[in-house]
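One structure below.
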Amino acid sequence: MVKEDTGVKRKSTKSPKEMKGYGGPVRPVCRLEDLDKDTLAKLANEYARAYQQMDGHWYEAVAKRYGEKIAREIDFEVWMRNIPSTARRTLEALGHKENDMAGILKVMQFHPAAGGCPFLYDYEVELKGLKVGIVKVARCHPMRHYREKGNMDFVRVMCRKWDPEMFGQSAKAIVPDVQWKPLVLPPYDAPYERQEPGYDCMWEFTIPDKP
């Protein structure tokens, strides 16, 4: 049976062409892909910032009710569960197809818990070969914040207990047999006395040769 043509045309749900910001009138349909690069970058920064701040608010709420020890244990568990899947999705979004050292470094640059949150961190990476990469954190706001407050106990927990596992899980999500080690690590005492001007911490990642 042929449907009767009423002559009424449906309005397209397609958004208008790319726009510069979103400062004008409200549009019935507006998606991320409709925005210009500068606006997308600003939004991405704010999304990463919110991702981090949610953890901070959650941590403070748990610590207030159940104490710092419980909050630290649960917070670490949550991050360890979240980081690998987010790392894989980050690499997929970047369009990098290979599970290699370049992929590891790209994830470090854009993972929202790391280099992808410029509000908190400044990251640099160096691909030293197909199987060796260096990650340099030029600014770690959380570490500096707690150091300035004199809470070196928490600095030690974050940098010595959490970060080695978190950096490692990000890399292992891309290359399961990757090996990693800190080169520079706060609070800069034994066994990591080395300091590097301009960097808060540094990490080396290596993909071992297959037998």
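From the cross-link list K64/K161; K172/K210; K37/K172; K97/K131; K37/K128, which pairs have alpha carbons spaced over 19 Å apart? Don't skip to the end; give the middle numbers.
On the way: K64/K161 22 Å; K172/K210 16 Å; K37/K172 31 Å; K97/K131 16 Å; K37/K128 30 Å.
Table pairs above 19 Å Cα-Cα are K64/K161; K37/K172; K37/K128.
State the three equivalent ellipsoid semi-axes of region 38-106, derived from the C-alpha gyration tensor as the square roots of 5 times its eigenvalues, in descending order and whole Å. Kindly include the intermediate steps, with their values, before the conclusion.
Values: eigenvalues 172, 61, 9 Å².
Equivalent-ellipsoid dimensions as semi-axes: 29, 17, 7 Å.
Tell me what the chain gives for mean residue ellipticity at 222 nm when only DSSP H runs of n ≥ 4 count, each as -39,500 (n - 2.57), the sum divided by the residue total, rounded to 500 deg cm²/dmol.
Working: 6 runs with 90 residues, N = 211.
Rounded to the nearest 500, it is -14000 deg cm²/dmol.
In debye to the nearest 20, how big a dipole does region 139-181 give about its Cα centre with +1 on each Lys and Arg Cβ and -1 on each Asp and Glu Cβ? Please list the in-between numbers first.
Values: 9 positive and 5 negative charges, 40 e Å.
With only Lys, Arg, Asp and Glu charged at Cβ, the dipole is about 180 debye.
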Fill in: Length gained when the stretch V26-Q179 is fully extended (0.36 nm per residue, less Cα-Cα span)
50.1 nm
Practice prompt. Compare the Cα positions of V29, V132, F110 along the charge dipole of the chain (+1 at Cβ of Lys, Arg; -1 at Cβ of Asp, Glu; about the Cα centre) and return the one farthest towards the positive end.
Written response: V29
Fill in: Local electrostatic count at C201 - Lys and Arg +1, Asp and Glu -1, tallied over other residues with Cβ under 11 Å
+1
Response to the item:
Carbon/sulfur accessible area of the chain, % of total, 1.4 Å probe, equals 54
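Using Cα pairs closer than 8 Å and at least 6 residues apart in sequence, work out the relative contact order for the chain, in percent.
Working: 269 pairs, mean separation 34.4, N = 211.
Taking the mean separation of contacting Cα pairs over the length of the chain, I get 16 percent.
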Practice prompt. Could you work out which residue, out of A63, A171, A138, moves most in a Gaussian network model of the chain, that is, has the largest mean-square fluctuation with Cα springs under 10 Å?
Written response: A63
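Taking region 89-186, which GluC sites (Glu not before Pro) meet the DSSP loop condition and have no more than 15 other C-beta atoms within 10 Å?
Working: sites: E92, E98, E124, E126, E148, E165; in loops: E98.
Those satisfying the criteria are E98.
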Worksheet entry | Full-extension gain in nm, A63 to Y47, via 0.36 nm per residue minus C-alpha separation | 3.3 nm
Worksheet item: When the Debye formula is applied to the Cα atoms of region 53-211, each taken as the same point scatterer, what base-10 log of I(q)/I(0) results at q = 0.09, 0.18, 0.21 Å⁻¹?
Response: -0.29, -1.16, -1.49
Worksheet item: In debye to the nearest 20, how big a dipole does the chain give about its Cα centre with +1 on each Lys and Arg Cβ and -1 on each Asp and Glu Cβ?
Response: 700
Discussion item. Output needed: percent of Cα pairs per 5 Å distance bin for region 117-211, bins running from 0 to the one holding the longest distance.
Written reply: 3, 12, 22, 26, 19, 11, 5, 2, 1, 0
Worksheet item: Rg (Å, one decimal) plus Dmax (Å, integer) for the alpha carbons of region 97-173?
Response: 13.4, 44
Item to complete: Compute the longest continuous run of the chain that contains no exposed chymotrypsin sites (Phe, Trp or Tyr not before Pro); treat a site as exposed when its DSSP state is not H, G, I, E or B and it has at most 14 other Cβ atoms within 10 Å.
Response: 23-118
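Which net charge results for the neighbourhood of F167, defined as the other residues with beta-carbon distances under 11 angstrom from its beta-carbon, given Lys and Arg at +1 and Asp and Glu at -1? Before the final figure, lay out the partial values.
Details: positive: K172, K181; negative: D163, E165, E204.
Spelling it out: positives minus negatives among the neighbours equals -1.
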Worksheet item: Looking at the chain, which longest stretch skips every one of the trypsin sites (Lys or Arg not before Pro) that is in a DSSP loop with at most 16 other Cβ atoms within 10 Å, leaving the sites themselves out?
Response: 32-96
Practice prompt. For helix 37-66, report the angle its Cα long axis makes with the longest principal axis of the Cα atoms of the chain; keep it between 0 and 90° and round to the nearest 10°.
Written response: 60
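Using the C-alpha gyration tensor of region 108-150, what are the square roots of 5 times its eigenvalues, in whole angstrom, with the largest one first?
Details: eigenvalues 116, 28, 8 Å².
They are 24, 12, 6 Å, listed from largest to smallest.
The values are calculated or read from the model by the stated rules, or taken from the named source; none is laboratory data. No experiment lies behind these values; they were computed from the predicted model shown. Methodologically, a virtual Cβ is constructed for each residue, glycine included, from the backbone with ideal geometry; neighbour enumeration extends over all protein chains shown. Side chains included, ligands, DNA and RNA excluded: accessible areas come from the protein's heavy atoms. Shrake-Rupley method; radii C 1.70, N 1.55, O 1.52, S 1.80 Å.
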